[in-house]
Amino acid sequence: MLLAGGALCLAACAATGEKAGGVSAGPGRTGTGNTGAAIAKNDVEAADWYRQAAEDGVPGAMVDYAYMILYGRGVEGNAEAAAAWLRKAVDRESARAMAVLGVLYLEGRGVPEDKAEGVRLIRLAAEKGDPLGMRNLGALHEHGLTVGGKVLQARDGGEAVRLYRRIAEMGDSAAQAFLASMLLRGDGGVKDDAEGLVWLRKSADQGYGPAQSHLGHLHEKGEIVPRSSEEAARWYRRSAESGYARGQVRWALALAAGKGVGRNDEEAVRWLRLAAGQNDAWGQTELASMIMEGRGAACDLTEADALAEKAARQAYGEAKLLLGRLRDRKQPPACPAS
């Protein structure tokens, strides 16, 4: 429900490859305009400087270093060690650390799963004005959270819209996309296609992959915006290049079908492999189908079966159907004749 990885954007020239004179405008951070000479991205050096600052007692560095450890950027990944640094930052009243550690408690990553504690920390972070905390609290209000019959957070679409709007106005691309989706669906008691589209475009223009994919899908279907396969493909490609798995799948399918772009099965397979590498069930299933058919890659029923099983274990229905066909002894699949 809460996208911890996608939400934790950190600002540091060495880590992000930004230019000197400015910082990346992640959640809760304000871009200052990137001017000056480019600084080469170097996660190892960034992690080392974060570590040194964290050991000097700087709470912000503790959070940034925890993030690097959590995702294995520049250092060996270790969720428990990341959580330990976040606890130290929380002890120093870091609202950002509260927001991040709260998500870890919700997911049971690096700490024992404790959803009540996760909600408590996220609320504290939001009360302190941390954008990530407010965004995640908005997600809790949007979806609600009940554990063992106990309501930890009741659904409140109106409050979710209020929180998303507040952060969206600060320039947070994820909040802009969340707000757009709620306005387009009419969740929270207000349906406003025009305003929803404005926020979606703002988010997409900032490079937020899910918003780019969503905008492409609207163009593909001709909903709210003019139907255009070319425009859909353009946004799918941008979403794919941002690293968003669903965008990678949609861009790959456009390539495989030659829809809005020249057909290229080999390139489609390449993008599907990237999505499958993120453990995306849709990407795994589409990749398995193409490999099974020998499209864009040599037919390999063993690989197709393994991909379909990974997706099926994520409760993806289409993968279960494909896996059934692959293992049907009465109608065994065969690679197409060359």
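The values are calculated or read from the model by the stated rules, or taken from the named source; none is laboratory data. None of the values given here were measured: they were computed from a predicted structure. Methodologically, a virtual Cβ is constructed for each residue, glycine included, from the backbone with ideal geometry; neighbour enumeration extends over all protein chains shown. Surface areas here come from the heavy atoms of the whole protein model, side chains and all, with no ligands, DNA or RNA. Shrake-Rupley method; radii C 1.70, N 1.55, O 1.52, S 1.80 Å.
Annotations
- Matching residues in segment 182-198 - criterion: being open to solvent by less than 30 Å² (accessible area, probe 1.4 Å) and farther than 17 Å from P226 by Cα: M182, L183, G186
- Only one entry in A268, A297, A276 is touching a helix residue (DSSP H, G or I) at 6+ places or on another chain (Cβ under 9 Å), of a type in the set (A, V, I, L, M, F, W, C) and not in a helix (DSSP H, G or I), namely A297.
- Selection from segment 129-164 of residues that are open to solvent by 20 Å² or more (accessible area, probe 1.4 Å), over 23 Å from H217 (Cα atoms) and among the charged types (D, E, K, R): K150, R155, D156, E159, R162
- Test for A11: is it open to solvent by less than 40 Å² (accessible area, probe 1.4 Å), in contact with a Lys or Arg (Cβ under 8 Å, 6 or more places away or on another chain), assigned to a loop (DSSP other than H, G, I, E, B) and at pLDDT below 90: yes
- Filtered residue count, segment 282-294, keeping only those that are more than 21 Å from the chain's Cα centre (by Cα), in contact (Cβ under 8 Å) with a residue 24 or more places away in the chain and outside any loop (DSSP other than H, G, I, E, B): 5
- Of the helices (runs of 4 or more DSSP H) lying entirely inside segment 21-115, the ones with 3 or more residues being in contact with a Ser or Thr (Cβ under 8 Å, 6 or more places away or on another chain), modelled with pLDDT of 95 or more and buried (at least 16 other Cβ atoms within 10 Å of the Cβ) are found at 59-70.
- Hits in segment 300-317 - residues which are farther than 13 Å from D280 by Cα, open to solvent by 40 Å² or more (accessible area, probe 1.4 Å) and not aliphatic (A, V, I, L, M): D300, T302, E303, G317
- Segment 144-167 residues that are over 20 Å from Y105 (Cβ atoms), paired with ones that are of a type in the set (K, R) (beta carbon under 6 Å, 6 or more apart): I167/R135
- No other residue among A297, A334 is small (G, A, S) and modelled with pLDDT under 95 apart from A334.
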